[in-house]
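*Asks:* Sharing a structure with you now.
The values are calculated or read from the model by the stated rules, or taken from the named source; none is laboratory data. These numbers were taken from a predicted model, which means no experiment stands behind them. Please note: Cβ atoms are built from the backbone with ideal geometry, for glycine as well, and neighbour counts cover all protein chains shown.
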2 protein chains.
Amino acid sequence: MTKINFSDEYFMKQALREAQMAAQKDEIPVGAVVVCNDQIIARAHNLTETLHDVTAHAEMLAITGAAEYLGGKYLNECTLYVTLEPCVMCAGALNWAQIKKVVFGASDEKRGFMKHTPPIFHTKAQIQGGILADKCSEMVVDFFKNKR
Amino acid sequence: MTKINFSDEYFMKQALREAQMAAQKDEIPVGAVVVCNDQIIARAHNLTETLHDVTAHAEMLAITGAAEYLGGKYLNECTLYVTLEPCVMCAGALNWAQIKKVVFGASDEKRGFMKHTPPIFHTKAQIQGGILADKCSEMVVDFFKNKR
């Protein structure tokens, strides 16, 4: 029996699976999972085209799903894994949710929240980038390459 | 017959009516309407408590409603009226929606998007604050006063 190693890489791979599902729907491939006590309580991928809704980013849907699972709106014991650096909308939502930790894969120089001041997240929130960054980035780059 | 004057004040009053509906549900009273060609195509109020969902701000629900009405995700011919200065989440969403114009009532010094740099909105987006500001502000202040 293989013991599952609940590492950041493990959960990022789960987020990448979600991103893959987005790609299959011709959506910009971004995926997210919310983890609480080493358990995935919500999975989501970008659905902005499918739903005709700019608010349907992977992170937003994951937040809503996790809150529904928990029966409360705060995710202060949860970690969100997402394949791409969140935009300001998603960072703002994660901050309202009082998320404990955010782990992202690829950076988003153009649309990411990191360049914004004052910082969107509370100083106590843990933010970590770069997990499986190459794989996460590759997925988005390949998507747009195939579009040309 | 009274001719309706489609002024900013008129539409802000409609947003205030939505805020009133939020207050009646014991939600922080913020309301929004989306206007296209002098017609209100979406109305919404804050439902974060009711839905246990931090993403259920008035603006977010109004964006989703307007996009559903239009059958497309871009609101580039629309104006959003909201009683309170949007937070970064909502500003980010409005930017993704390519909203033409945002008109807000009361400023939100603590949570508003205006203090953030670089600016969240595209330089072409029209932003206007202060419409019926006193009334809009009073509504939120009264809500918290009654909570004590």
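*Asks:* So, in the stretch B:130-148, exactly how many residues are under 15 Å from the mean Cα position of the chain (by Cα) and surrounded by 16 or more Cβ atoms within 10 Å (Cβ to Cβ)? Working first, answer last.
*Replies:* Residues of the stretch B:130-148 that are under 15 Å from the mean Cα position of the chain (by Cα), as a first pass: B:130-133, B:135-137, B:139-140.
Now drop any that are not surrounded by 16 or more Cβ atoms within 10 Å (Cβ to Cβ), which leaves B:131-133, B:135-137, B:139-140.
Going through the stretch B:130-148 one residue at a time, the tally reaches 8.
*Asks:* Then there's this: Could you go through the stretch A:26-42 and let me know if any residue there is among the polar types (S, T, N, Q) and within 16 Å of residue B:55 (Cα to Cα).
*Replies:* Step one: filter the stretch A:26-42 for residues among the polar types (S, T, N, Q), giving A:37, A:39.
Remaining after also requiring within 16 Å of residue B:55 (Cα to Cα): none.
No, because not a single residue in the stretch A:26-42 is among the polar types (S, T, N, Q) and within 16 Å of residue B:55 (Cα to Cα).
*Asks:* Hey, does the stretch B:44-53 have a residue that's within 12 Å of another protein chain (Cβ to nearest Cβ) and either within 30 Å of residue A:109 (Cα to Cα) or modelled with pLDDT under 95 (or both)?
*Replies:* yes
*Asks:* Under the condition of being more than 13 Å from chain B (Cβ to nearest Cβ) and outside any helix (DSSP H, G or I), which residue from the stretch A:20-29 is surrounded by the most Cβ atoms within 10 Å (Cβ to Cβ)?
*Replies:* First pass over the stretch A:20-29, keeping only residues more than 13 Å from chain B (Cβ to nearest Cβ): A:20-26, A:29.
Keeping just the survivors that are outside any helix (DSSP H, G or I) gives A:25-26, A:29.
Details: A:25: 12, A:26: 12, A:29: 27.
The residue in question is A:29.
*Asks:* If you don't mind, there's one more thing I want to ask. State all residues of the stretch B:76-111 that are of a type outside the set (A, V, I, L, M) and closer than 15 Å to residue B:131 by Cβ; if no residue qualifies, say none.
*Replies:* Just the residues of the stretch B:76-111 that are of a type outside the set (A, V, I, L, M), to begin with: B:76-79, B:81, B:83, B:85-87, B:90, B:92, B:95-96, B:98, B:100-101, B:104-105, B:107-111.
Passing the criteria: B:79, B:81, B:83, B:85, B:86, B:101, B:104, B:105, B:107, B:108.
*Asks:* Of the residues that sit in the stretch A:111-130 and are part of a loop (DSSP other than H, G, I, E, B) and of a type in the set (D, E, K, R), which one is farthest from the other protein chains (Cβ to nearest Cβ)?
*Replies:* Residues of the stretch A:111-130 that are part of a loop (DSSP other than H, G, I, E, B), as a first pass: A:111, A:116, A:118-125, A:129-130.
Of the ones still in play, those that are also of a type in the set (D, E, K, R) are A:111, A:124.
Numbers: A:111: 9, A:124: 17 Å.
Ranking the qualifying residues of the stretch A:111-130, first place goes to A:124.
*Asks:* Follow-up. Tell me, yes or no, whether the stretch A:99-110 has at least one residue that is crowded, with 21+ Cβ neighbours inside 10 Å, in a helix (DSSP H, G or I), at pLDDT 95 or above and small (Gly, Ala, Ser).
*Replies:* Within the stretch A:99-110 (the criterion being crowded, with 21+ Cβ neighbours inside 10 Å, in a helix (DSSP H, G or I), at pLDDT 95 or above and small (Gly, Ala, Ser)), the answer is no, since none of the residues qualifies.
*Asks:* For residues that are assigned to a loop (DSSP other than H, G, I, E, B) and either under 18 Å from residue A:97 (Cα atoms) or in contact (Cβ under 8 Å) with a residue 12 or more places away in the chain (or both), tally how many sit in the stretch B:57-75. Don't jump to the end; show me each part of the working.
*Replies:* At the first step, the residues of the stretch B:57-75 found to be assigned to a loop (DSSP other than H, G, I, E, B) are B:57, B:71-75.
With either under 18 Å from residue A:97 (Cα atoms) or in contact (Cβ under 8 Å) with a residue 12 or more places away in the chain (or both) added as a condition, the list becomes B:57, B:73-75.
Looking only at that region, the number is 4.
*Asks:* Can you tell me which of B:17, B:43 is surrounded by fewer than 15 Cβ atoms within 10 Å (Cβ to Cβ), under 13 Å from the mean Cα position of the chain (by Cα) and not in a loop (DSSP other than H, G, I, E, B)? Don't jump to the end; show me each part of the working.
*Replies:* Values: B:43 fails: surrounded by fewer than 15 Cβ atoms within 10 Å (Cβ to Cβ).
None of the others qualify; the one that does is B:17.
*Asks:* Would you point out the residue of the stretch B:88-109, among those that are within 11 Å of another protein chain (Cβ to nearest Cβ) and not aliphatic (A, V, I, L, M), that is nearest to residue B:54 (Cα to Cα)? Break it down into steps so the answer makes sense when it comes.
*Replies:* Taking the stretch B:88-109 as the starting set, the residues that turn out to be within 11 Å of another protein chain (Cβ to nearest Cβ) are B:88-99.
Add one more test, that the residue is not aliphatic (A, V, I, L, M), and what stays is B:90, B:92, B:95-96, B:98.
Values: B:90: 11, B:92: 15, B:95: 19, B:96: 19, B:98: 22 Å.
Applying the filter and picking the extreme gives B:90.
*Asks:* Moving on to the next point. Among the residues of the stretch B:46-56, is any of a type outside the set (Phe, Trp, Tyr), assigned to a helix (DSSP H, G or I) and touching a Ser or Thr at 6+ places or on another chain (Cβ under 6 Å)? Give the steps one after another, and end with the answer.
*Replies:* Just the residues of the stretch B:46-56 that are of a type outside the set (Phe, Trp, Tyr), to begin with: B:46-56.
Going one step further and asking which of them are assigned to a helix (DSSP H, G or I), we end up with none.
No; the residues of the stretch B:46-56 include none that is of a type outside the set (Phe, Trp, Tyr), assigned to a helix (DSSP H, G or I) and touching a Ser or Thr at 6+ places or on another chain (Cβ under 6 Å).
*Asks:* Before we move on, is residue A:85 farther than 20 Å from residue A:127 by Cβ and either at the interface with another protein chain (Cβ under 9 Å from one of its Cβ atoms) or modelled with pLDDT of 95 or more (or both)?
*Replies:* On the way: farther than 20 Å from residue A:127 by Cβ: no; either at the interface with another protein chain (Cβ under 9 Å from one of its Cβ atoms) or modelled with pLDDT of 95 or more (or both): yes.
Here the answer is no, as residue A:85 does not meet what is asked.
*Asks:* Consider the stretch A:54-79. How many of its residues are of a type in the set (Gly, Ala, Ser), surrounded by 21 or more Cβ atoms within 10 Å (Cβ to Cβ) and more than 7 Å from every other protein chain (Cβ to nearest Cβ)? Step through it out loud before you land on a result.
*Replies:* Restricting attention to the stretch A:54-79, the residues satisfying the condition of being of a type in the set (Gly, Ala, Ser) are A:56, A:58, A:62, A:65-67, A:71-72.
Going one step further and asking which of them are surrounded by 21 or more Cβ atoms within 10 Å (Cβ to Cβ), we end up with A:56, A:58, A:62, A:66-67.
Remaining after also requiring more than 7 Å from every other protein chain (Cβ to nearest Cβ): A:56, A:58, A:62, A:66.
Residues meeting the conditions: 4.
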